[in-house]
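First the structure, then my questions, so here it is.
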Amino acid sequence: MLTRRIIPCLDIHRRRVTKGVKFQNNIDLGDPVEMAARYSDDGCDELVFYDITASAERRSIDLDMVLEVARAIHIPFAVGGGIATLDDMSRVLLAGAEKISVNSLAVKNPALISEGARAFGSQCVVLGMDPVRADDRIQFPSGYEITIRGFRERTGRDALAWAREAVDRGAGEIVVNSVDADGTRAGFELELTRLISESVGVPVVASGGAGTPAHLVDVFNTAHADAAIIAGMIHTGEYRIPQIKTYLANAGIPVRLHW
Amino acid sequence: MIAIVDYRAGNLTSVRLAFEALSVEATITDSPAVIRAADRVVFPGVGAAGAAMSNLQRLGLVDLLREIVASGKPFLGICLGTQVVFDHLEEDGGVAGIGLIPGSVRRFQPTNRRDKVPQIGWNGVNFTRHHPVFDGIESGSEFYFVHSYYPAPDLTGDVAGVTDYAGVTFASIMARNNLLATQFHPEKSGRIGLRFLKNFSAWKGRLPEACSC
C-alpha cells in the first residue's frame, strides 16, 4: 500500500536553516546538510528545501548545498526558491535533487511549468502555492486567493483555478501552503487542501500549520492529502519523526515504519 | 566498474551518488566501449518513453544493450530503464521497446479518486521468489516509486516482486537470468535501497534455482 509521506521543510537563508512565523522574525536552526541527514536517519520520507531569499535577492540557489545534501541522503528531496528558467531547473536536478519547486515565478510566467515538465518530466515539477483566505466568492470561487513573494503580494488569482491550470500545464504535484496557517502550529488548512486534492489527479501536499501528530491525522483523513510538510514541530525538538509515525500508524494511516 | 548508461533520460546524479556512498566505482557514460568494458551495467531513466527510445536509437545503444544482456553481464534497469526493456509501452500513443522482457507497460487507471497518477512515494514490494539482491532485505519493505505506467510481464516466471497500487497488483521487480529490472528507485530508497544496490554490485548475474514450492 502506498504510504502517506511526512516531509520536513527546511527554509534556507544564507546556507543556514531558519524558521519564522508568516515569513517574519526568522531564527537560526542549524546546518542544512546535518539536519537533512538527521531527519533522513529518523525516517522522514522526503525533504524540501526552500531558499527563502533567493527570489527576492534575484539570485539562483546555492548548488553546492544541493550537491552536499544529495551526497548525505539517499531519499528524494525537492528544492525551491528563485527558480526562474529551465537552466536553473537543470542545474538543481543535476546537483542531485529529485524535484524542483516553483511558486511566485510560475505565477508570473506559467510557461515555466509547461517547459519544465516537457524538458524533465512532470514528476520533477512541483507547484508550490501560497493561498490566503479571500471573502469575495465571485472573484475567488474556492474562497482562497494566491499570494506571491512570501505572502507579500496578492495576485487576484483563485487558488483552485491556479491549481488546475498548473496540472494542465504538467505540474506533477501541488504543495498547498496556507498563508493563514503558516507557522501557527494550530493545524493545517483542511478545507482548501481537500478541495484541491479532490479536484486534481496529481498528489497534493499539505503545508503550513502542523503542530501535533493529531494535525497530521486530520490532514490525511479529512483533507485527503497525499503528503504533509512539517517544520516547527520537529525543528524545536518537541516531536521526533518516529514518534509521529507511530501515532499515525495507530490512527490507521499507512506510513513507512522501517527504514 | 559499473557503467550507468546516459541516454538523456533524466537525472543520473542520484544513482552515481548512491554507488559513491557504497564506495563502488560507477561512471555515467554513453560510450559503447565503456559500457562493454564495465563489469555491470545500470540502465536508469525518468521522463517520457517515446523520447527515451528515440534517444537510445540515435545514440546507437539499442543493439548494444541487447548485446550486454545476452553476454550474461549483471544488468539493472530502473524505472523508465525498466519500462523500455519490455516489448511494448502504452505511453505516447504506443512505443516499441527493446524487447528483452516479453510483455507490456500500461497506464494506471484508478477507479478511486484518491489514487493519484503518478504514484509518488514509498510502497511495499512483496518478493515472489528468492534472489541474491534481496539479501538482508525483508519482503514487504518499502521502496520509493514515481511513475504513471506499470510493468505487465507476460510470464510470471519473470516476476520477482509485486506491489499494490490503484487497484492492481503489478510486477515492481523483474528477474530474468542476468537481467534485473525495478520499477522503484533503489537509489532514492534510503538504507534499504542502498543495501539493494550493494547486493547488485556483488551479484554475479546468476539466478538461484526458482522455488517450485
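If we count trypsin sites (Lys or Arg not before Pro) as exposed when they sit in a DSSP loop and have at most 12 other beta carbons within 10 Å, what is the longest stretch of chain A that avoids them all?
The longest uninterrupted stretch comes out as A:153-259.
By how many nm would the segment from B:R206 to B:A21 lengthen if fully extended, with 0.36 nm per residue of separation less the alpha-carbon distance?
Additional length available on full extension: 64.1 nm.
What does the structure give for A:71-79 when I average, per residue, the other chain Cβ atoms found within 10 Å of the residue Cβ?
6
Please compare each pair in A:K19/B:K116; A:K19/B:K198; A:K99/B:K116; A:K245/B:K116 to a cut-off of 27 Å on the Cα-Cα distance and tell me which ones are over it.
The answer is A:K19/B:K116; A:K19/B:K198.
If you don't mind, there's one more thing I want to ask. Expressed as a rounded percentage, what relative contact order does segment A:5-250 have, with Cα pairs under 8 Å and six or more residues apart?
Answer for segment A:5-250 is 16 percent.
Here's something else I'd like to know. Relative contact order for segment B:2-202: what percent, with Cα pairs under 8 Å and sequence separation of 6 or more?
20
Give the calculated FRET efficiency between B:H88 and A:N109 to the nearest 0.05, with a Förster radius of 41 Å applied to their Cβ-Cβ distance.
In this case the efficiency is close to 0.60.
Taking the Cα centre of segment A:179-227 as the origin, how large is its charge dipole in debye, to the nearest 20, when only Lys and Arg (+1) and Asp and Glu (-1) carry charge on their Cβ atoms?
That gives segment A:179-227 a dipole magnitude of about 120 debye.
Helix-only mean residue ellipticity at 222 nm, chain B, DSSP H runs n ≥ 4 weighted -39,500 (n - 2.57), per residue, nearest 500. What is it?
That comes out to -7000 deg cm²/dmol.
Now, a different point. Relative to the Cα centre, what is the charge dipole magnitude of chain B, using +1 at the beta carbon of each Lys and Arg, -1 at the beta carbon of each Asp and Glu, and rounding to the nearest 20 debye?
It works out to roughly 220 debye.
Would you kindly work out the equivalent ellipsoid of the protein assembly as shown from its C-alpha gyration tensor and give its semi-axes, the square roots of five times the eigenvalues, largest first in whole Å?
37, 22, 22
Rg (Å, one decimal) plus Dmax (Å, integer) for the alpha carbons of segment A:47-110?
11.1, 34
Averaged over its residues, how many other protein chain Cβ atoms are within 10 Å of peptide B:69-80's Cβ atoms?
0
Then there is this: How many nm separate the modelled label positions at A:R118 and B:R66, each set 7 Å beyond the Cα in the direction of the Cβ?
Using points 7 Å along Cα→Cβ, the separation is 3.3 nm.
What does the charge count near B:G124 come to, summing +1 for each Lys or Arg and -1 for each Asp or Glu among other residues with Cβ under 13 Å from its Cβ?
With Lys, Arg at +1 and Asp, Glu at -1, the neighbours total -2.
Okay, next question. Report A:T236's accessible area, 1.4 Å probe, all protein chains in place, as a number in Å² to the nearest 10.
90
Averaged across the residues of B:4-13, what count of C-beta atoms belonging to other chains lies within 10 Å of each residue's C-beta?
Per-residue shielding by partner chains comes out at 3.
I'd like to compare B:39-45, A:7-13: which one has the highest average count of other Cβ atoms within 10 Å, and what's the full order after that?
Per-residue mean Cβ counts within 10 Å order the peptides as B:39-45, A:7-13.
Starting from the exponent 0.38 and prefactor 2.2 Å, build the expected Rg for segment A:5-250 from its residue count and divide its actual Cα Rg by it.
0.92
The values are calculated or read from the model by the stated rules, or taken from the named source; none is laboratory data. Fair warning: this is a prediction, and the values are worked out from it, not measured in the lab. Positions of Cβ are generated from backbone atoms using ideal geometry, with glycine treated the same way; all protein chains shown enter the neighbour counts. Accessible surface is based on the protein model in full, side chains and every heavy atom, while ligands, DNA and RNA are left aside. Shrake-Rupley method; radii C 1.70, N 1.55, O 1.52, S 1.80 Å.
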